[in-house]
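Engineer: Sharing a structure below in structure tokens format, with a few things to ask.
The values are calculated or read from the model by the stated rules, or taken from the named source; none is laboratory data. The model shown is predicted, which means the values in this text are computed figures rather than measured ones. Don't worry about glycine lacking a Cβ; one is built from the backbone with ideal geometry, like all the others, and counts go over all protein chains shown.
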Amino acid sequence: MTEGMWRYADRLPAVAPKSIVTLGEGGTPVLDLTEALGRRLGVASVLAKAEDRNPTGSFKARIASVAYSLVNERGLAGTVGTSSGNGGAAAAAYAAAAGSRAILFTLTDTAPVKLREILVMGATVHRVAGVGHDAASTRAVADAIAEQAEQRGFAPMLTAFHYAPEAMQGVSTIAFELAEQAPELTALYLPVGGGGLLTGVHRGYRDLGRVPRLVGVQPSGSAALRRALDGFPGGIAGTVRTTVSGLQMAALYDTDGAVGAVRESGGHAVEVGDEAIWQAQEELARCGLLVEPAGATALAGLFADARAGRLRRDDRVAIVLTGAGYKDRDALRRMAPADDTPVISAGDVPARLDALLGRTR
């Protein structure tokens with residue numbers, strides 16, 4: 001297996017080739033946005049790691065591939081996990097591909113498209129009040145899943161090293177790819193929910209011996225990382241007020257890993273408002289990149305740092321685009337209300353073409 005993420009099989013949990021469950025995850029492109037954004041940000045180059053190009057529309061496909069490969073290798077019954085949507089969609093897809101099971105406990109306000117995505121691929125789903133929004137409920141459910149899964153022959157599909165350290169090694173392959181695609185990178189901006197992405201990318205770079213500055217970006221209404229860096233125990237965000245699906249986390253699952261990633265790399269945390277995230281989403285759309293709000297959060301943090309004077313002229317920065325635009329239909333409606341589209345008759349088309357296309361050559 002030499003393509004995609006499994007090119008790095010020697011750095012992933014050991015599984016026999018016949019046990020690997022893959023849908024073509026990994027090997028995502030790095031896109032050059034320097035011409036569009038470099039001058040405005042005042043840096044040498046701006047790149048985007050397009051994780052929305054993964055099979056299930058987010059980086060969570062990497063985790064699910066490792067998880068279900070381990071399920072196959074160990075003869076387990078499937079996975080059990082929590083999800084705000086993308087992790088659940090990945091679990092459902094890879095369970096279907098493996099002929100296995102996915103049992104999921106989601107937020108009550110999981111984006112409808114993500115919920116349908118999970119259901120259509122055959123996963124069992126329960127929505128749980130408080131999960132994602134209340135720290136005590138979120139951790140109680142995760143702890144119960146981790147305990148029960150192990151006892152009943154399932155693997156935990158919780159996208160955090162604290163609960164699923166082997167499956168989460170799939171995240172580190174993002175760093176392995178970036179080290180090859182953008183070896184001169186000086187800073188990498190990533191969105192932060194539970195801290196697993198930040199932790200995994202840091203571990204990957206650390207294994208390679210060279211770590212760029214890692215900057216974790218969170219909505220100000222769910223700023224558990226900032227609070228953890230300020231010394232609040234457990235990275236508790238307090239009341240979650242953000243509407244950004246995927247980043248509605250009342251607590252960091254991977255507090256130590258996320259805090260260590262920022263501190264050891266010389267990075268920092270950035271808080272941005274939901275409106276700044278929506279603006280970044282629109283900015284990316286003007287570059288031809290349609291991502292969900294969580295996927296645009298890293299760019300919002302990059303703009304915030306540019307305004308604060310935290311970037312250097314010789315910086316070569318990258319952002320991680322974590323999720324595809326189709327994942328959040330509400331965000332698309334906000335960006336482009338359908339009723340703004342004019343309706344004309346077929347007979348009006350020639351005149352409209354004349355007006356739009358201008359003088360004939």
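Engineer: Report, ordered by the first and then the second residue, all pairs with beta carbons closer than 6 Å, sequence separation of six or more or different chains, a first member in region 7-28 that is on the phi > 0 side of the Ramachandran plot, and a second member that is among the hydroxyl-bearing types (Ser, Thr, Tyr).
Structural biologist: GLY26/THR173
Engineer: Hey, can you tell me all the residues within region 6-33 that are within 22 Å of the chain's Cα centre (by Cα) and either within 30 Å of PHE303 (Cα to Cα) or basic (Lys, Arg) (or both)?
Structural biologist: Listed by number, the residues that qualify are ARG7, ARG11, GLU25, GLY26, GLY27, THR28, PRO29, VAL30, LEU31, ASP32, LEU33.
Engineer: List the residue pairs whose Cβ atoms are under 7 Å apart, where the first residue sits in region 264-288 and is farther than 13 Å from ILE319 by Cβ and among the hydroxyl-bearing types (Ser, Thr, Tyr), the second is surrounded by fewer than 19 Cβ atoms within 10 Å (Cβ to Cβ) and at pLDDT 95 or above, and the two are 6 or more positions apart or on different chains.
Structural biologist: SER265/ARG213
Engineer: When you check GLU264 against the structure, is it closer than 21 Å to SER58 by Cβ and surrounded by fewer than 17 Cβ atoms within 10 Å (Cβ to Cβ), yes or no?
Structural biologist: Working: closer than 21 Å to SER58 by Cβ: no; surrounded by fewer than 17 Cβ atoms within 10 Å (Cβ to Cβ): yes.
It is false that GLU264 is closer than 21 Å to SER58 by Cβ and surrounded by fewer than 17 Cβ atoms within 10 Å (Cβ to Cβ).
Engineer: Among the listed residues VAL217, VAL240, which satisfies the condition of being modelled with pLDDT under 85 and either part of a helix (DSSP H, G or I) or under 25 Å from ALA89 (Cα atoms) (or both)?
Structural biologist: VAL240
Engineer: Among the residues of region 108-130, is there at least one that is free of Cβ contacts under 8 Å to residues at least 12 places away in the same chain and of a type in the set (Lys, Arg)?
Structural biologist: Among the residues of region 108-130, at least one is free of Cβ contacts under 8 Å to residues at least 12 places away in the same chain and of a type in the set (Lys, Arg), which makes the answer yes.
Engineer: If the requirement is being out of contact with any strand residue (DSSP E or B) (no Cβ under 8 Å at 6 or more places or on another chain) and more than 27 Å from LEU115 (Cβ to Cβ), which of these qualifies: ALA351, ALA304, ALA318?
Structural biologist: Working: ALA304 fails: out of contact with any strand residue (DSSP E or B) (no Cβ under 8 Å at 6 or more places or on another chain); ALA318 fails: out of contact with any strand residue (DSSP E or B) (no Cβ under 8 Å at 6 or more places or on another chain).
Only one candidate passes the filter, namely ALA351.
Engineer: Considering only region 176-199, state which residues are surrounded by 24 or more Cβ atoms within 10 Å (Cβ to Cβ) and in a helix (DSSP H, G or I).
Structural biologist: GLY196, LEU197, LEU198, THR199
Engineer: To continue, here is another question. Within the group ALA149, ALA164, which residue is crowded, with 22+ Cβ neighbours inside 10 Å, among the hydrophobic types (A, V, I, L, M, F, W, C), within 18 Å of LEU197 (Cα to Cα) and outside the structural domain of ASP254 (by TED's automatic domain parsing)? Steps first, please.
Structural biologist: Numbers: ALA149 fails: within 18 Å of LEU197 (Cα to Cα).
Matching residue, one of ALA149, ALA164: ALA164.
Engineer: Give me a count of the residues in region 314-358 that are without any contact (Cβ under 8 Å) to a residue 24 or more places away in the chain, in contact with a helix residue (DSSP H, G or I) (Cβ under 8 Å, 6 or more places away or on another chain) and of a type in the set (Gly, Ala, Ser).
Structural biologist: 0
Engineer: With (1) at pLDDT 95 or above; (2) over 30 Å from ARG316 (Cβ atoms) as the list, and ALA140 as the residue in question, which single condition is left unmet?
Structural biologist: For ALA140, the exception is condition (1).
Engineer: Test THR322 against the criterion of being touching a Pro at 6+ places or on another chain (Cβ under 9 Å) and either closer than 18 Å to PRO29 by Cβ or loosely packed, with under 15 Cβ neighbours inside 10 Å (or both), and give yes or no.
Structural biologist: Yes, satisfied.
Engineer: Could we say that ALA298 is modelled with pLDDT under 95, among the small types (Gly, Ala, Ser) and closer than 26 Å to GLY88 by Cα here? Reasoning before the result, please.
Structural biologist: Numbers: modelled with pLDDT under 95: no; among the small types (Gly, Ala, Ser): yes; closer than 26 Å to GLY88 by Cα: yes.
Spelling it out, it is not the case that ALA298 is modelled with pLDDT under 95, among the small types (Gly, Ala, Ser) and closer than 26 Å to GLY88 by Cα.
Engineer: Going by what's in this entry, would ALA89 be described as more than 22 Å from the chain's Cα centre (by Cα) and within 30 Å of ALA223 (Cβ to Cβ)? Let's see the steps before the verdict.
Structural biologist: On the way: more than 22 Å from the chain's Cα centre (by Cα): no; within 30 Å of ALA223 (Cβ to Cβ): yes.
So ALA89 does not fit the description; no.
Engineer: Consider LEU208 carefully, then state whether it is in the same structural domain as THR28 (by TED's automatic domain parsing), in contact with a Leu (Cβ under 6 Å, 6 or more places away or on another chain) and at pLDDT 95 or above.
Structural biologist: no
Engineer: Exactly one condition in (1) part of a helix (DSSP H, G or I); (2) at pLDDT 95 or above is false for PRO165; which is it?
Structural biologist: For PRO165, the failing item is (1).
Engineer: Oh, and also: Give region 282-298 a look and list any residue that's touching a Pro at 6+ places or on another chain (Cβ under 7 Å) and closer than 11 Å to ALA324 by Cα, or say none.
Structural biologist: So in region 282-298, the residues touching a Pro at 6+ places or on another chain (Cβ under 7 Å) come out as 294, 297-298.
Listed by number, the list holds a single entry, ALA294.
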